[in-house]
Amino acid sequence: MEIRQLKYFLEAARLEHITQAAQSLHITQSTLSHQLRQLEAELGTPLFDRVGRQVRLTEAGRLLVRFAQRALRDLDEGRLALQSLNSLESGELRVGVITTYTNSLLSRAIAAFATHYPGVHLSIQDLPMAQIERGLQDGMLDLGMGFINPDAESLLESEPLFSERLMLLVREDHPLAARRVIGRKDLPSLDIVLQSRQYISRQLIERHLARDIAGRVRIELDSLQAMQSIVANSHLACMLFEGAVIAQPGLRAIPIGSPRVIRSAALLWPRERYRSAAAREFARRVKADLPQNIRAAAARDG
């Protein structure tokens, strides 16, 4: 059994299509089919049911997926361990970050890391939280920066950084614009813009406020910047966590105080996996470069 056969097998299992898997792997269709047949012959059992160019995993195939992923992940961790022996002179670091933090917190840390360690290829990916969690679990990311998700605590290790309050963003001529804090009783009168339900921030909002905003969500979209632009040009309000607020004239961000909805920003690590020297050093620089006011807030809240 060869490493490349396991990689071919996992890609065919992921796409469930021989032609598409071959294209993704940059090999010919016949090469992929031959390698899969060799793997099945060595294991003595079919791994796929074939219908034309499409394939479906057999029970044996579904069982092998878990072990093949583990084997490749262990090999990748061995590669990372060897890379760390080079004193950060070479290698690769893959970091998944929610867009909010890429824009507001990481630019200095990224620039400093790239300057000090030019031999390390740094890949920063803007991703939703769910994709960051999946990438860390699957070994496709070495480090994440997002926020603590209690539902993923058994799979990831979280290193808290600071806390963010949920804010209501309105135009300065909105009826609630003069308020210092927004309470639960104010919410049913609003017309609201929210991120779509694929985002964990939206799920967190609904976990605490679903009853109060039922029937009041008029627009759902992905872009936080677009949400704020809509608010600036309408009577609508939006809810977002304070780190995502883009300061601009004519808008007011007011804390929602009752109930107080908080999310905790964190560095995210895959549980029980090797942490490369590059990942540890990048995490150190992120923590060192956090703005002073954020560090003070983290100390106050913690």
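For the chain, give the percent of accessible area contributed by carbon and sulfur heavy atoms, probe 1.4 Å, rounded to a whole number. Could the numbers behind the result be given before it?
Details: 7740 of 15570 Å².
That share works out to 50 percent.
Using the Karplus curve 6.51 cos²θ - 1.76 cosθ + 1.60 with θ = phi - 60°, work out ³J(HN,Hα) for each residue of region 70-75 in order, rounded to whole Hz, and write x for Gly and Pro.
Those phi angles translate into 5, 4, 5, 5, 5, 5 Hz.
Taking amide H positions as placed in the peptide plane 1.01 Å from N, state which residues far from E92 in sequence (5 or more) or on other chains have amide H under 5 Å from it.
Residues meeting the amide H criterion: H121.
Apply the Karplus curve 6.51 cos²θ - 1.76 cosθ + 1.60, θ = phi - 60°, to the phi angles in region 170-181 and return the couplings in whole Hz, x for Gly and Pro.
With coefficients 6.51, -1.76 and 1.60, one gets 9, 6, 5, 9, 6, x, 9, 5, 7, 6, 8, 8 Hz.
Please compute P(r) over all alpha-carbon pairs of region 1-120, binned at 5 Å starting from zero, and give each bin as a whole-number percent.
The percentages, shortest bin first, are 2, 10, 16, 16, 12, 10, 11, 11, 7, 4, 1.
Taking every pair of alpha-carbon atoms in the chain, give the share separated by more than 24 Å as a whole percent. Intermediate values should be presented prior to the final figure.
Details: 28211 of 45451 pairs.
Cα-Cα pairs in the chain separated by more than 24 Å: 62 percent.
Roughly what would the spin-label model give for K7 and I124, points 7 Å off Cα along C-beta, in nm?
2.8 nm
Could you give the accessible area per residue of the chain, probe 1.4 Å, as a whole number in Å²?
Values: 15570 Å² over 302 residues.
Value returned for the chain: 52 Å² of accessible area per residue.
Between beta-carbons, use under 15 Å as the cut-off and find the net charge around E172, counting Lys and Arg +1, Asp and Glu -1. It would help to have the intermediate numbers written out before the result.
Details: positive: R171, R179, R180, R252; negative: D173.
Residues near E172 contribute +3 overall.
How big is region 164-262 in terms of Cα radius of gyration and Dmax, in angstroms?
Answer for region 164-262, Rg first and Dmax second: 11.9, 32 Å.
Just add up the charged neighbours of R14: K/R +1, D/E -1, any other residue whose Cβ is under 14 Å from the Cβ of R14.
Residues close to R14 contribute a combined charge of +2.
R211 to D173: FRET efficiency via 1/(1 + (r/R0)^6), r the Cβ-Cβ distance, R0 35 Å, to the nearest 0.05?
Details: r = 28 Å, r/R0 = 0.81.
In this case the efficiency is close to 0.80.
Want the number for Q225 to R50: 0.36 nm per residue separation, take away the alpha-carbon distance, what's left? Write out the running numbers ahead of the final one.
On the way: separation 175, 0.36 × 175 = 63.00 nm, distance 4.58 nm.
Length gained, Q225 through R50: 58.4 nm.
Work out from phi, with θ = phi - 60° and the Karplus expression 6.51 cos²θ - 1.76 cosθ + 1.60, the ³J(HN,Hα) of each residue of region 232-242, listed in order in whole Hz, and give x for Gly and Pro.
5, 10, 7, 8, 6, 10, 10, 10, 7, 7, 4
The values are calculated or read from the model by the stated rules, or taken from the named source; none is laboratory data. Note that the structure is predicted; figures quoted are calculated from it, not measured. Methodologically, a virtual Cβ is constructed for each residue, glycine included, from the backbone with ideal geometry; neighbour enumeration extends over all protein chains shown. Surface accessibility is based on the protein's heavy atoms, side chains included, excluding ligands, DNA and RNA. Shrake-Rupley method; radii C 1.70, N 1.55, O 1.52, S 1.80 Å.
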